[in-house]
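A short write-up of the structure that comes next.
The values are calculated or read from the model by the stated rules, or taken from the named source; none is laboratory data. None of the values given here were measured: they were computed from a predicted structure. Here Cβ is always computed from backbone atoms with ideal geometry, including for glycine, and neighbour counts include all displayed protein chains. In case anyone asks, the SASA skips ligands and DNA or RNA and just uses the protein heavy atoms, side chains included. Shrake-Rupley method; radii C 1.70, N 1.55, O 1.52, S 1.80 Å.
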Amino acid sequence: MPALRPLPAEPDDTLHAGAGRQRRVRHLLVLGGADDGGEIARDDLLDLAELAASRFPSATLTTEPGPVGDVAPGIVTLSRHTTLVGPYGPGAGLRAPSTAHVVDVLVPRERGERALAGSGDPDGLSRVFDAGLPVREEARVVAWLVDVARRLHGTLVLATDAGPATLTPDPDAHVDLTVHSDVWLDPEAALATLRTLDARVVYAPDGSDWGGPPDELRLRGPAISVLDDAARAALHDEADTFDIRTLTTPEQRTGYALHLDLGDDGLVAVEIGGEESPPTSVTRNGWAADGVVAYRVRWFPIDDLELLEENPDPGHRIARTRAAERMGQLARALHDAVGGVVTDAADLPVHPEDL
């Protein structure tokens, strides 16, 4: 296994960007540690390639890694300018366990403004990139790296303006799950399916708010402050026509929700409806071409502001752990009923047996 060359303070790798040249920076994804006995699984980069394809449609495993202990690293191409290479052994001075292995990520350096003061920072990125957050491609790649590090219980060493910075995402931070399928469960069937796990599951109360008159009744053109008799009569005729059509047309249900009240542990909502923009991990399945139904299993804690904290308080963590266990059971039951693909809060695929 080759050793990773030291992270340079000023990366000399550049790429053409219009008339000038644009710097690229190296971010490191550190996987494994003292508890894995130092074993370097060849499948690590293959797993990364699969996770990359779930977010970046053009991601390609351009070079497969050699067998365990081989000196030949693998290469995953995310885009024309971004590549993942590895796994390597940890480089000198790298703040990581001596048994860890590293994937080298080369990406264009694209930085914007600093995060707004007081804005939520659950992933710690505004803390790490305090001089300016990544934007465009670097932002997409860094966000994916955070999600992957969280999934694989890894650590990131990010190239910031102040030098390498270590970030270890909380693997338990995001508990929401979604089952994507081409099968529609009627409300009664979904309720019966989930009540086999917990009898407290109920139909969600109707919380729809008045959003103004339907589009058919909105006046078009300049606003009218005073209606004359002709305009008032025309408006009443439109209202009568709309009322008749509403009363004589069967209601078309486009979505519904079920709730599970966990008391001090918050509320779990299962929201069912059509999905207009399925993630890449779903659209690459042939059955998705005819439409996708999303069964979203979402957690709403008692104090939702804790969701914006990088280090929420212990009470929130305990409630989250208990809620996550039940949410996994609900998602597994839904998948057993409708099949399809399960994804986590980052739209990365989850094997149903891992729920």
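Data table
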read-out	value
Filter result (charged (D, E, K, R) and either in a loop (DSSP other than H, G, I, E, B) or at pLDDT 90 or above (or both)) within region 119-167	Asp121, Asp123, Asp130, Arg136, Glu137, Glu138, Arg140, Asp147, Arg150, Arg151, Asp161
Per-region count, region 285-335, residues farther than 21 Å from Ser54 by Cα and open to solvent by less than 40 Å² (accessible area, probe 1.4 Å)	13
Search result, residues across region 47-67 that are open to solvent by 70 Å² or more (accessible area, probe 1.4 Å) and either at pLDDT below 65 or β-branched (Val, Ile, Thr) (or both)	Thr62, Pro67
Within region 150-176, tally of residues that are small (Gly, Ala, Ser), over 17 Å from Glu310 (Cα atoms) and within 21 Å of the chain's Cα centre (by Cα)	0
Hits in region 266-284 (condition: out of contact with any His (no Cβ under 7 Å at 6 or more places or on another chain), open to solvent by 30 Å² or more (accessible area, probe 1.4 Å) and closer than 27 Å to Tyr203 by Cα)	Glu271, Gly274, Glu276, Ser277
Pairs, first within 11 Å of Glu310 (Cα to Cα) in region 112-128, second open to solvent by 50 Å² or more (accessible area, probe 1.4 Å) and not in a loop (DSSP other than H, G, I, E, B), C-beta under 7 Å, six or more apart	Gly120/Leu308; Asp121/Arg127; Pro122/Leu307; Pro122/Leu308
Which listed residue is in a helix (DSSP H, G or I), modelled with pLDDT under 60 and open to solvent by 20 Å² or more (accessible area, probe 1.4 Å), from Asp12, Asp44, Asp70, Asp35	Asp35
Those residues of region 173-229 which are open to solvent by 100 Å² or more (accessible area, probe 1.4 Å), part of a loop (DSSP other than H, G, I, E, B) and at pLDDT 90 or above, in sequence order	Thr196, Arg200
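Residue-by-condition table, conditions (1) more than 30 Å from Asp336 (Cα to Cα); (2) in contact with a strand residue (DSSP E or B) (Cβ under 8 Å, 6 or more places away or on another chain); (3) of a type in the set (Val, Ile, Thr):
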| position | (1), (2), (3) |
| --- | --- |
| Val105 | yes, yes, yes |
| Trp144 | no, no, no |
| Thr160 | yes, no, yes |
| Asp172 | no, no, no |
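This table checks each residue for (1) more than 17 Å from the chain's Cα centre (by Cα); (2) at pLDDT 95 or above; (3) small (Gly, Ala, Ser).
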residue: Val297; (1), (2), (3): no, yes, no
residue: Ile302; (1), (2), (3): yes, no, no
residue: Pro314; (1), (2), (3): yes, no, no
residue: Gly328; (1), (2), (3): no, yes, yes
